[in-house]
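*Asks:* Provided herewith is a single structure, encoded as structure tokens, for subsequent inquiry.
The values are calculated or read from the model by the stated rules, or taken from the named source; none is laboratory data. Keep in mind that this is a model prediction, so the values were computed, not measured. Because the Cβ atoms are built from the backbone with ideal geometry, glycine has one as well, and the counts that use them run over all protein chains shown. Note: areas computed on protein heavy atoms with side chains; ligands, DNA, RNA excluded. Shrake-Rupley method; radii C 1.70, N 1.55, O 1.52, S 1.80 Å.
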Amino acid sequence: QVQLVESGGGLVQTGGSLRLSCAASGIIFSIRAMGWYRRAPGKQRESVASITSGGITNYADSVKGRFTISRDNAKNTVYLQMNSVKPEDTAVYYCRTEPGITSGGYWGQGTQVTVSS
């Protein structure tokens, strides 16, 4: 079965850094686009960043210049480097395999990120 396991969340101060990891199994990772999403309490889940199989990235305006998405196909892992974090970055962060022509998307369980003032 498809499995996505996020890790690296925790408590960090405003201006600090955190690196999230998502280890994938059950898919041919190298040909799948991947994404990071987040959901704050009382809010809708939103897209944070995505990366195609070819390494093309896209970011939400709110995180541009601060977050970096990357992937290591040898490890079947996608990362989200979070720098200069702000309180509004507080949320549960989810990893996703983006849907393709012949396959649907899959979600991880999420990892909590809390940014203190």
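*Asks:* Using the crude model of +1 on Lys and Arg Cβ and -1 on Asp and Glu Cβ, and no other charge, please compute the dipole size for the chain relative to its Cα centre, in debye to 20.
*Replies:* 20
*Asks:* Looking at segment 1-46, which chymotrypsin sites (Phe, Trp or Tyr not before Pro) are DSSP coil and have at most 13 other C-beta atoms within 10 Å of their C-beta?
*Replies:* Answer in residue order: no site qualifies.
*Asks:* Report in % the part of the accessible area of segment 1-97 that belongs to carbon and sulfur, leaving out ligands and nucleic acids; probe 1.4 Å. Write down the numbers at each step before the final one.
*Replies:* On the way: 2310 of 4960 Å².
Solvent-exposed carbon and sulfur of segment 1-97 make up 47 percent of the total.
*Asks:* What trypsin sites (Lys or Arg not before Pro) in segment 5-98 are in a loop by DSSP, with at most 13 other Cβ atoms within 10 Å of the Cβ?
*Replies:* 43, 64
*Asks:* Each residue of segment 96-103 in order: what ³J(HN,Hα) in whole Hz does its phi give by Karplus 6.51 cos²θ - 1.76 cosθ + 1.60, θ = phi - 60°, with x for Gly and Pro?
*Replies:* Once θ is set to phi - 60°, the couplings for segment 96-103 become 9, 8, 5, x, x, 5, 10, 8 Hz.
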